[in-house]
Amino acid sequence: MIRLEQVTKRYGDAVAVDGLTFEVPEGEVCVLIGPSGCGKTTTLRMINRLIEPTSGHIFVGDRDVMSVTPEELRRGLGYAIQSVGLFPHLSVAENIMTVPKLLKWDRKRMEERVEELLTLVGLPPEEYAGKYPRQLSGGEGQRVGVARALAADPPVLLMDEPFGAVDPLNRERLQTEFARIQRSLRKTVIFVTHDVDEAIRLADHIALMRDGRLQQYATPEEILDHPANKFVHDFMGADRALKRLGRVRVSEAMRTAVPSLSGGRSPQELSTRAACADTRFVYLTDADGRLEGWFDCHAVEIGTTAEDAVTLVDWRDDAVRPDTSLKEALSRMLGHGYRSIAVTDLTGHLLGDVAFSAVEAAMSDSDERMAAAHDAREGAASDEGSVPE
Amino acid sequence: MAMVTEVRPRGRIDRVAATGAVTALVGVAVLPFVVFRANRIVAGAPRSIMDAGPAGLMLLVFAAAALAAAAAPYLWPALTRRQPLALKLAAAGMFGSAAWSVGQAAVRLLAGATELARVSIGAGAWLALVGAAVVEFAADSQLERCWPRRATTVAALVAVACAALFGGMGQLSIVREYQSQASFFWLYVGQHLTLAGAGLAFGLLLGIPLAVASTRWRGVRDVTLGVVGVIQTVPSVALLGLLVIPLAAAGLPGIGSLPAIIALTLYSLLPIVRNTYIGLSEVDPAVVDAGRGMGMSSAQLLLRVEAPLALPLAIEGVRAAAVLVIGIAAITAFVGAGGLGVFVFLGIGQVADDLVLLGAVPIVVLALLADTGLRALAARAVSPGIRGGTT
């Protein structure tokens, strides 16, 4: 649990953070968001006392952060930043051991921890432990940064735009992985970003700030449906239905029983159309069940050769994972011009697919869910469409 | 269609190696190979390589071989792959035969002369050695660090050592000077190392804390970098003279090793402070922020993160300081601090060139050893994660 009470930071006459009060429950992700200069990073840095507040109190657990030395406080709070800040002279393993070393863990325990964490962030330890930061790609560096922040298993994680410096595709992957890790670790996380989609996707609560003041502190659904003022409404953007899809995972809208053929795919074999009984597309997999492409039954009917009816794809680019957001899945579909997109696990095994119609259904579902939730809270009909000022 | 044959295209001449070989050949042909004097201080008579006999011929053959090896990729494309090794062997031969030649020339010229007659190394022989070094360098820059490279380097050293021990180099006047000054020589070497070592040690003790303080406080930085910069512009003789005043005021001797060590300390400060300061201040702020954010204290941050990252530049500064103080320590003989500078000043006073060399050559050797040693240290001490690049 993290609680801020009337926290203010002044630089001379300028007020960076003004009377901020909110509470993040145990095991939740709170995303601090707002335009640049709104005080979100200052707020984050006051929690681990890289910046000292001018007035007010900050509690981590039930302990006032001012009651311990900054060093002791920080060793108990995981810290990951946009520029990563990996120590270039230390190997990946040594980087991850930073806080455990400060806490004087024994060697064996540290090595086991490194192995565990690298596996957790999806970097095979035997390949990555000995590498130096300059040998890593941007995305790999960010993963190591997150692993390092998690090293001493702190209950609280402070993350300042941790995925800000990577390309959009990698950022999407990192977000997916972060969401997966968070589901199993249940840390209390303060996450600073300026990316609205990232906030909606990852947050349990969003704290939207402007000029050092809190504009609204609420769940993503609440903030999308009932913005507290015009600024919040404008900042979150107009495409609220689409943004809400960022909260729904592919696994929730996935069709699992899909027609597929594995093993040999000679044109003769395919043209028997054994699997084309009541569907147009049949997925093709290798003997292990890894997605290789699909077969268009109609194309054969209208006289194309069986060979031309086969589309071969790379599952890494042309399929999504179960924990990808529906928003991302939709964007991939539109990008490729598909009416549906295959779903595979992390190693390419075909799990099912998501159809455009399923995305539409999910969109109206989440509308209904949200309306119901709102009704329950307010005990009144939702006034969707109008914006409270 | 033209006939297709597998022919290796003509390569380029290795210009560096060719320059080395030509330098040696032209130097030997045009300039005096050795200088003959009837006694220690009269003007010398230039003598050519002809006086070295078969050894001199061997030097010419090796220099020509180096030239041929340098041009091999152009003349014999098929042999291109063997070029670096051929160059290394030619260079080893040039070193050995040049050393042997000067020894042989001394032996031959002194055979019929009086006990007072002297033979010293001439410009031609020096150029032959420089040329050999250039060929060696050119070959090394083509070769990976591997056993043939090391073996041929050792071969060159062995060839020179053999020539020095058995080839009559003992007859050269610089060796004669050494023989008559042997006990002083080692005393002065010891003094020289003590002076330079003390200057460098105090420079480190003072310079590193100053550099660290400079990264923490602007005021300290401005004063420190300003002052050490100004010190460097004061000529060493003038600085030694100026030091007499405060030392006298403090009741301390203005001559001897005390002012020498103070002066050397002051000169070593600039490279040490400046490089360490730059090294520390160039550490990525994100790295420092990450370290602080994870709970490192200032001292832990300095020792575990900032210092290792600043190390390549800091060692570079210490290397520059070491070479600098070894050179300036020669000047401190001027205020009676001893050291190899004594030979230089005595030699100048007596117009005895070889006595000057007896002081100057070991100073150069010491500087080169310090340089090589600190480079080796840098290669070992710097983390592979930042080796060969900046932080």
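The table below lists the values:
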| read-out | value |
| --- | --- |
| Kirkwood-based shape ratio for region B:1-105, expressed as Rg/Rh from alpha carbons | 1.20 |
| Rounded FRET efficiency, nearest 0.05, which uses the C-beta distance separating B:Ser281 from B:Val361 and R0 of 41 Å | 0.55 |
| Full-stretch length increase - B:Tyr74, B:Thr19 - with 0.36 nm per residue and alpha-carbon distance subtracted | 18.2 nm |
| Residue-normalised accessible area of region B:182-390, expressed per residue, 1.4 Å probe, Å² | 45 |
| Hits among aspartates and glutamates - C-alpha to C-alpha of B:Lys88 under 15 Å, sequence gap 8 or more where chains match | B:Asp14, B:Glu136, B:Asp140, B:Glu144 |
| Additional length obtainable on full extension of the chain from A:Glu26 to A:Arg134, 0.36 nm per residue less Cα span | 35.3 nm |
| Within chain B, longest stretch free of exposed GluC sites (Glu not before Pro) [DSSP loop, at most 10 other beta carbons within 10 Å] | B:145-391 |
| Residue pairs, from the table A:Lys40/A:Lys104; A:Lys104/A:Lys187; A:Lys108/A:Lys131, whose Cα atoms sit over 21 Å apart | A:Lys40/A:Lys104; A:Lys104/A:Lys187 |
| Calculated P(r) tail over 19 Å for region B:138-208, as whole % of Cα pairs | 65 |
| J(HN,Hα) series, region A:209-225, from Karplus relation 6.51 cos²θ - 1.76 cosθ + 1.60, nearest Hz, glycine and proline x | 10, 8, 6, x, 10, 6, 8, 7, 10, 7, 6, x, 4, 4, 5, 6, 7 |
| Inter-label distance, nm, simple model (7 Å from Cα along the C-beta direction), B:Ser298/A:Val313 | 5.9 |
| Volume in Å³ per residue [convex hull over Cα atoms, computed for chain B] | 201 |
| P(r) of chain A over all Cα-Cα pairs, binned every 20 Å from zero, in whole percent | 24, 49, 23, 3 |
| 222 nm mean residue ellipticity, helices alone, for chain B (DSSP H n ≥ 4; -39,500 (n - 2.57); rounded to 500) | -24500 deg cm²/dmol |
| Region A:91-111 residues near the modelled A:Glu126 label - backbone nitrogen below 19 Å, point 7 Å along Cα→Cβ | A:92-93, A:111 |
| Length gained when the stretch B:Leu57-B:Val130 is fully extended (0.36 nm per residue, less Cα-Cα span) | 24.5 nm |
| Shielding by partners - mean other protein chain Cβ count within 10 Å, residues of A:202-214 | 0 |
| Normalised convex hull volume, region B:15-172, alpha-carbon set, Å³ per residue | 97 |
| Amide proton proximity set for A:Leu261, modelled H, under 5 Å, gap of 5+ | A:Tyr283, A:Leu284, A:Thr285 |
| 5 angstrom amide H check on A:Asp64, placed H, neighbours 5+ away | none |
| Whole-Hz ³J(HN,Hα) from phi, Karplus 6.51 cos²θ - 1.76 cosθ + 1.60, for region B:324-339, glycine and proline x | 4, 6, 5, x, 5, 4, 5, 5, 5, 4, 4, 9, x, 8, x, x |
| Per residue value of the accessible surface for region B:1-136 (all protein chains in place, 1.4 Å probe), Å² | 52 |
| Accessible carbon and sulfur surface of chain A relative to its total accessible area, %, 1.4 Å | 49 |
| Cα-based Rg and Dmax for region A:14-101, where Dmax is the largest Cα-Cα distance (Å) | 14.8, 42 |
| Rounded to whole Å, sorted largest first: equivalent-ellipsoid semi-axes of region A:305-352, Cα gyration tensor | 20, 14, 8 |
| Label-reachable residues, region A:42-82, where backbone N falls under 18 Å from a point 7 Å from A:Met1's Cα toward its Cβ | A:57-67 |
| Shape of the protein assembly as shown, Cα gyration tensor, a/c cut at 1.5 | oblate |
| Label point distance in nm, B:Val220-B:Val26, each placed 7 Å from Cα along Cα→Cβ | 5.4 |
| Reciprocal of mean inverse Cα separation for region B:190-325 (Kirkwood radius, Å) | 16.0 |
| Accessible area buried, both sides summed, chains B and A with 1.4 Å probe, Å² | 2000 |
| Cα-Cα P(r), region B:248-391, percent of pairs per 10 Å interval | 11, 28, 26, 19, 12, 4, 1 |
| Trypsin sites (Lys or Arg not before Pro) within region B:96-187: DSSP coil, no more than 15 neighbouring Cβ in 10 Å | B:Arg145 |
| Region B:184-279: chymotrypsin sites (Phe, Trp or Tyr not before Pro) in DSSP loop, at most 14 other beta carbons within 10 Å | B:Trp217 |
| Shielding by partners, peptide B:294-306 (average Cβ within 10 angstrom, other chains) | 5 |
| Sites B:Val351 and B:Leu193, calculated FRET efficiency, Cβ-Cβ separation with R0 30 Å, nearest 0.05 | 0.60 |
| Global form of region A:132-175, assessed from the alpha-carbon gyration tensor, a/c cut-off 1.5 | oblate |
| Test item: B:284-291 mean partner chain Cβ contacts at 10 Å | 6 |
| FRET efficiency for A:Glu72 and B:Glu144, using Cβ-Cβ distance with R0 set to 56 Å, rounded to 0.05 | 0.65 |
| Distant-in-sequence amide H partners of A:Leu32 (H built 1.01 Å from N, under 5 Å) | A:Phe191, A:Val192, A:Thr193, A:Ala207 |
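The values are calculated or read from the model by the stated rules, or taken from the named source; none is laboratory data. Just so it is clear, the structure is predicted and the values come from calculations on it, not from any experiment. Don't worry about glycine lacking a Cβ; one is built from the backbone with ideal geometry, like all the others, and counts go over all protein chains shown. Remember, those area values only see protein heavy atoms, side chains included, never the ligands or the DNA or RNA. Shrake-Rupley method; radii C 1.70, N 1.55, O 1.52, S 1.80 Å.
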